Amino acid sequence: MPSPLDNLLIAADEALRTLAGVATAARKAPEASRETALDAAQARESAALMRVNHAGEICAQALYSGQALVARDERVRAALVAAGAEERDHLAWCRDRLEELGDRPSYLGPFWYAGSFAFGVASGLAGDRWSLGFLAETEAQVERHLDGHLERLPEGDARSRAILEQMRADENRHGQAGRVLGGAELPLPVKMAMRAFSRVMTRTAYRI
Ligand SMILES: [Fe+2]
Ligand SMILES: [Fe+2]
């Protein structure tokens, strides 16, 4: 059994890896079924969207790390760690795609991480049922967000589209796991606070 100090060190290590951009994917990035063809303006638009998604995956790492740190039930912790590992793939895929598009991650990564980590710890401290409900609600909001981005992506960007589609399928599974393990339906004000945070994040990371 890891001690509380071990768990804190693990959380610190996860934060540094996420923010240093050295996360590696366990799964290969999804392949596009056709060629990607973008002009300069389309590449810029794709990059802005993928910067938002990369920032979202920084948030996902922080949320799951914060929740796992204070989870009570070992099954809940295991589910959080398993989902977090898939989120690490998303993080690496988005980062690599951003690089292919000749762009850079959001400058505000540490800020997104800190805010999301606090959300994760708070939901974990409220108890496992709330923590799982928080997970399910997060994933539902992320899915809706990804639907929007799949529509906004430039038509020719088959590479980014393949990545977002795989992410969407994974987020759907994470959300289901949260509900199956007994996640509680969150109160509306909490859902609204989560939406407000992600609105600030998505609008800001689009530019900086
Ligand atoms: Fe994700
Ligand atoms: Fe997820």
For region 101-110, which residues satisfy the criterion of being buried (at least 16 other Cβ atoms within 10 Å of the Cβ) and assigned to a helix (DSSP H, G or I)? 109
Within region 153-167, residues at pLDDT 95 or above and surrounded by fewer than 17 Cβ atoms within 10 Å (Cβ to Cβ) come out as 165
From 135, 150, grab the single residue that is in a helix (DSSP H, G or I), modelled with pLDDT of 95 or more, open to solvent by less than 60 Å² (accessible area, probe 1.4 Å) and not acidic (Asp, Glu). 150
What are the residue pairs meeting all of these: first residue in region 93-105, first residue closer than 15 Å to residue 61 by Cα, second residue open to solvent by 50 Å² or more (accessible area, probe 1.4 Å) and not in a helix (DSSP H, G or I), Cβ atoms under 7 Å, and 6 or more apart or on different chains? 95/105
Subset of region 17-42, residues in contact (Cβ under 8 Å) with a residue 40 or more places away in the chain and over 29 Å from residue 115 (Cβ atoms), comes to 31, 32, 33, 34, 35, 36, 37, 38, 42
Would you mind finding the one in 70, 22, 81 that is within 15 Å of ligand 2 (Cβ to nearest atom), of a type outside the set (Asp, Glu) and farther than 22 Å from residue 145 by Cβ? 81
Given 122, 40, which one is surrounded by 16 or more Cβ atoms within 10 Å (Cβ to Cβ) and out of contact with any helix residue (DSSP H, G or I) (no Cβ under 7 Å at 6 or more places or on another chain)? 122
Counted residues, region 161-186 - those being away from ligand 2 (no atom under 11 Å from the Cβ), of a type in the set (Asp, Glu) and in a helix (DSSP H, G or I): 1
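What residue, of 86, 31, is within 14 Å of ligand 1 (Cβ to nearest atom), among the acidic types (Asp, Glu) and at pLDDT below 95? Steps first, please.
On the way: 31 fails: within 14 Å of ligand 1 (Cβ to nearest atom).
Among 86, 31, only 86 is within 14 Å of ligand 1 (Cβ to nearest atom), among the acidic types (Asp, Glu) and at pLDDT below 95.
The values are calculated or read from the model by the stated rules, or taken from the named source; none is laboratory data. Remember, it's a predicted structure, so these values are computed and weren't measured experimentally. Methodologically, a virtual Cβ is constructed for each residue, glycine included, from the backbone with ideal geometry; neighbour enumeration extends over all protein chains shown. Protein only, heavy atoms only, side chains kept; ligands, DNA and RNA dropped before computing areas. Shrake-Rupley method; radii C 1.70, N 1.55, O 1.52, S 1.80 Å.
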